[in-house]
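What follows is a single structure, written as structure tokens, with notes after it.
Computed from the coordinates by the stated procedures, all read-outs in this text should not be read as laboratory data. A quick note: this is a predicted structure, and the numbers were derived from the prediction, not measured. Virtual Cβ from ideal backbone geometry, glycine too; neighbours counted across all protein chains shown.
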Amino acid sequence: MNNRDVAVLGVGYTNFNSVTPEVNWKELMFEAAQKAYQDAGIDPRTDVDSFITCAEDFWEGFSIFDEFTPDQLGAALRPMHTVSGDGLQGLANAYMQIKTGLFDIVVVEAHSKISELLTYEDVVQLSFDPIYEAPLSKGVHPYYVGGLEMREYLEATGTTEEQCAAVVVQNKRNAFCNPLAEFEAQLEVDDVMNSRYAFDPLKALEIAPRADGAIVFVIAGGEIARSLTDRPVYVEGIGWCSESPWIGSRSSDAAYVKRAAQMAYRQAGIENPQLIDIVEVDDQFAFKALQHLEALGLARPGEAGYLMAEGAFGPQGQRAVNPSGGSLGCGHLMEASGLARALEGVLQLRGEAGPRQVEDALVGVAQSWRGLPHGTGAVAIFSRRE
Amino acid sequence: MKETVKPRGKPLSGEEMKQVCHVVARPQVKYAWAVGVAMSHFLAGLKQGKILGRTCVQCERILVPPRMFCERCYRTTDEWVELPGTGVIETFSISYIDTDANRIKEPIFVGVLAFDGAPPHSGIMHYFGEVSQDAIHIGMPVEPVWKPGGERVGAITDIKYFRPREGARPSSNSKRRKRG
């Protein structure tokens, strides 16, 4: 069944909010799942062959999170498993299940209820190597690693702080056209440049604020998707990759994205990534968006910042980058951030992106980074195959 | 004939372990979970001495603890109902061991009960009290023992435990092995 193609049959999502005290995580997931099944025109109790959630126990606050997911997805007494990773890694699992031919319709869910974690910094701290790195990080916010990476990236590529600030300006502006987004703002580069350093050279405004939300994708074999919908969006390729976790031997060029992109492009038969119309990259830190654009082959090393500052990646530019507003505009959705990037790709390729719709988009790429302190990323290619 | 192998060296003491093998850290993790729509109503009900459930008209169940969706039918549940609070024991265990694995003098009765008026296997887990090892049995009618109104905070522990129900005298379960 290797030649079987894989398509997105439906998507569902909640708004992205900084806090969601009105619902618990089950009710949040239920809202997104119900919408996805309606969008796909399926009944999860009879039509879905496998369910996948993406969650990390420490974000949730209780262990073996897998056990708390079936009810709200319609997955009780059905095959289901949890991926301790980003939503795009969950999507990769679904992709493979469908490729085997043993599964026809697979559901992928990812969410964030991160507002309920009161000691976020301490939990990020816990993801440092406990024997060597954690003792060196006591008493300092763990995002200092972002400052380390940014300085190295600026030095290696000649990118300027102003060019990084341009990412914040563009993404928070783009978010005005995305009704799901929580952190839209009208800023100028000077506003960002005059804001305070959090982890010099990284400024507080360049760090994506966290948000709650849930996203559900219904994935199906191509032949099934074509029979159920007249607007299938195909998953043409998907790759993922992890760097060594040692902070001291980290690449400055997001090698995790380069490798993941190679894998995805190979599957999708993409030789020239410049042909991609819609680009959604991870921008948990402003400089990361530039670094990731270069790792995806969408700009030469050191050029992404210049192109960003010139508006080449804006709504009127040569290629739309993060028309959703990215994590800087929508909020960082933890393990759901990758699916948020993919969601924008799907909505754009379906022509359902409303005021931010990019004309004639055929191919999109969504890229995720699982966040500090590690280097794990995933890349997915979508198309509407005109 | 088996060769006798003399053990060499000695096990490390706790002190020695600390010196060479371990890095000790205590994670600082705190959460504040939103209880959600269904459980907010349920917990507010407990504070008033009421046990509330949600109905699903499709599978005709009453869900306690309540949820806003039925996991069997995958649909939004329909209405709030108040249950009488009485029920029967569906299963139980008598715990003789505490969390530190010490023997407990007075064993703790934990179990699941089905509420009167709700179908089986939709009840709650709780403690049982005022009952002996010999008397407790599956099918025993029970009723809640509430904390006094002023002490209730909107938590499942607002019910102290369930006890055998007056007027519904339990039949003794002769099949169960007597404990010495």
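So which of A:K26/B:K30; B:K30/B:K160; B:K50/B:K147; A:K172/A:K288; A:K35/B:K47; B:K47/B:K160 end up more than 24 Å apart, counting from Cα to Cα?
Going by Cα-Cα distance, B:K30/B:K160; A:K35/B:K47 fall outside the 24 Å limit.
Given a 10 angstrom Cα cut-off, can you work out which residue in A:A214, A:A156, A:A340 is the most mobile in a GNM of chain A?
Fluctuation is largest for A:A156.
On a full-extension model of 0.36 nm per residue, what is the gain between A:I64 and A:V19, subtracting their alpha-carbon distance, rounded to one decimal in nm?
13.8 nm
Count neighbours as other Cβ atoms within 10 Å of each site's Cβ, and list the trypsin sites (Lys or Arg not before Pro) in region B:2-40 that are DSSP loop with at most 13 such neighbours.
B:K2, B:R8, B:K30
Suppose we flag GluC sites (Glu not before Pro) only when DSSP calls them loop and at most 16 other Cβ atoms lie within 10 Å. Which is the longest uninterrupted stretch of chain B?
B:4-59
What trypsin sites (Lys or Arg not before Pro) in region A:29-100 are in a loop by DSSP, with at most 13 other Cβ atoms within 10 Å of the Cβ?
none
At B:K10 and A:Q262, where each label point lies 7 Å from the Cα along Cα→Cβ, what is the point-to-point distance in nanometres?
5.6 nm
Using Cβ counts within 10 Å as a stand-in for footprinting exposure, how do B:M68, A:M193, A:M150 rank, fewest first?
Placing the least packed residue first, the sequence is A:M193, B:M68, A:M150.
GluC sites (Glu not before Pro), restricted to region A:155-218: which are DSSP loop and have at most 14 other Cβ atoms within 10 Å?
Answer by residue number: A:E188.
Where both partners of a DSSP beta bridge lie in chain B, what percent of those bridges are antiparallel, to the nearest 5?
The antiparallel proportion sits near 95 percent.
Summing -39500 (n - 2.57) over the DSSP H runs of n ≥ 4 in chain A and dividing by its residue number, what mean residue ellipticity at 222 nm do you reach, to the nearest 500 deg cm²/dmol?
-10000 deg cm²/dmol
In debye, nearest 20, what is the charge dipole magnitude of region B:36-164 about its Cα centre with +1 on Lys and Arg Cβ and -1 on Asp and Glu Cβ, if you could check?
Using Cβ point charges on Lys, Arg, Asp and Glu, region B:36-164 gives about 280 debye.
Excluding residues fewer than 8 places away in the same chain, name every one of the aspartates and glutamates whose C-alpha is closer than 13 Å to that of A:K138.
Counting by Cα, and skipping residues close in sequence, A:K138 has these aspartates and glutamates nearby: A:E121, A:D122, A:D129.
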